[in-house]
Amino acid sequence: MLHPSVRPPALSRGALWAILRVGAVSAIVSATTNVTIATATGLVGVAGPAAVAGYGTGARLEYLLVPMVFGLGAPLAAMIGTAMGAGDVARARRAAWTGAVMAGLVTECVGAGAAFRPEAWLTLFGEDGAMLAVAAQYLRIVGPCYGLFGLGLALYFAAQGAGQVGWPLAAGHLPSAVALGGGLIALHLGFGPAGLFVALGSGLAMPAAVNAGALAWGAWPTSPGGPFARTESGRAGRSPLPPQR
């Protein structure tokens with residue numbers, strides 16, 4: 001039976017660094033996502049207030065996908081962290097792929113439904129014809145990419161559990177470059193909001209490609225001798241938290 005001390009444990013530099021090594025990167029990725037949406041709103045504003053309202057209403061659905069995937073990603077990160085700490089890398093990788101496919105299927109169902117019947121979502125917020133037209137165009141173009149968005153987000157949570165957040169950091173910046181760079185080019189060439197929405201959909205798919213490629217091609221340790229494996233003495237070679245004394 002455990003008998004924890006009433007006094008909280010002293011702060012540890014090792015524990016703080018282990019938390020920040022993953023948490024700080026995750027905060028950067030979250031900030032980048034919101035900057036992308038805010039900047040895209042400004043680009044859509046070129047087409048007028050109705051376009052801004054339409055884009056904002058359509059993009060709101062993406063915010064609802066995040067907590068949906070988080071419901072899978074939180075236990076997924078815990079399962080992967082446990083498997084990596086035990087040196088069972090194969091099980092961690094299987095859990096990552098399984099969770100990613102589940103998240104991708106769930107979010108693709110939402111995206112396909114939104115693309116097929118956008119008015120079912122949009123009329124919850126208004127009946128303005130111009131707003132509905134732009135928002136429906138957005139969901140028909142971007143909605144089919146929601147499955148890849150969910151898959152990439154689940155692999156991002158998996159990478160947190162594995163302590164391998166370098167590639168997710170790169171994947172978090174790539175959508176901004178693709179979406180905003182492609183959107184500026186589309187607007188400059190006269191493709192209007194439709195061209196911008198194609199760029200935004202392509203940006204949503206980028207994290208899935210980067211995170212899946214990183215996992216498939218060995219960004220994680222490929223054997224029990226990896227960074228979280230236990231040594232013969234029973235202690236982890238690089239544990240996320242220092243052993244309790």
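The values are calculated or read from the model by the stated rules, or taken from the named source; none is laboratory data. Everything numeric here is computed off the predicted structure, so don't read it as measured data. Every residue, glycine among them, receives a Cβ derived from its backbone with ideal geometry; neighbour counts consider all protein chains shown. Side chains are part of the model used for accessible areas, which takes the heavy atoms of the whole protein and leaves out ligands, DNA and RNA. Shrake-Rupley method; radii C 1.70, N 1.55, O 1.52, S 1.80 Å.
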Q.
Here is a list: 64, 105, 124, 72. Which entry is open to solvent by 40 Å² or more (accessible area, probe 1.4 Å), out of contact with any Ser or Thr (no Cβ under 6 Å at 6 or more places or on another chain) and at pLDDT 95 or above?
A. 105
Q. Pairs under 9 Å by beta carbon, first residue under 9 Å from residue 115 (Cα atoms) and of a type outside the set (A, V, I, L, M) in the range 125-142, partner outside any helix (DSSP H, G or I) and open to solvent by less than 20 Å² (accessible area, probe 1.4 Å), six or more apart or different chains?
A. 137/118; 138/118; 140/118
Q.
Among the numbered criteria (1) under 30 Å from residue 58 (Cα atoms); (2) touching a strand residue (DSSP E or B) at 6+ places or on another chain (Cβ under 9 Å); (3) not hydroxyl-bearing (Ser, Thr, Tyr), which one does residue 122 miss?
A. (2)
Q: Give 114, 24, 90 a once-over and let me know the one that is among the hydrophobic types (A, V, I, L, M, F, W, C), in contact (Cβ under 8 Å) with a residue 40 or more places away in the chain and open to solvent by less than 60 Å² (accessible area, probe 1.4 Å).
A: 114
Q. Right, residue 182: at negative phi and out of contact with any Gly (no Cβ under 6 Å at 6 or more places or on another chain) or not?
A. yes
Q: Test residue 56 against the criterion of being on the phi < 0 side of the Ramachandran plot and either basic (Lys, Arg) or buried (at least 19 other Cβ atoms within 10 Å of the Cβ) (or both), and give yes or no.
A: no
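Does residue 22 count as in a helix (DSSP H, G or I), in contact with a Leu (Cβ under 9 Å, 6 or more places away or on another chain) and β-branched (Val, Ile, Thr)?
Against the criterion (in a helix (DSSP H, G or I), in contact with a Leu (Cβ under 9 Å, 6 or more places away or on another chain) and β-branched (Val, Ile, Thr)), residue 22 does not qualify.
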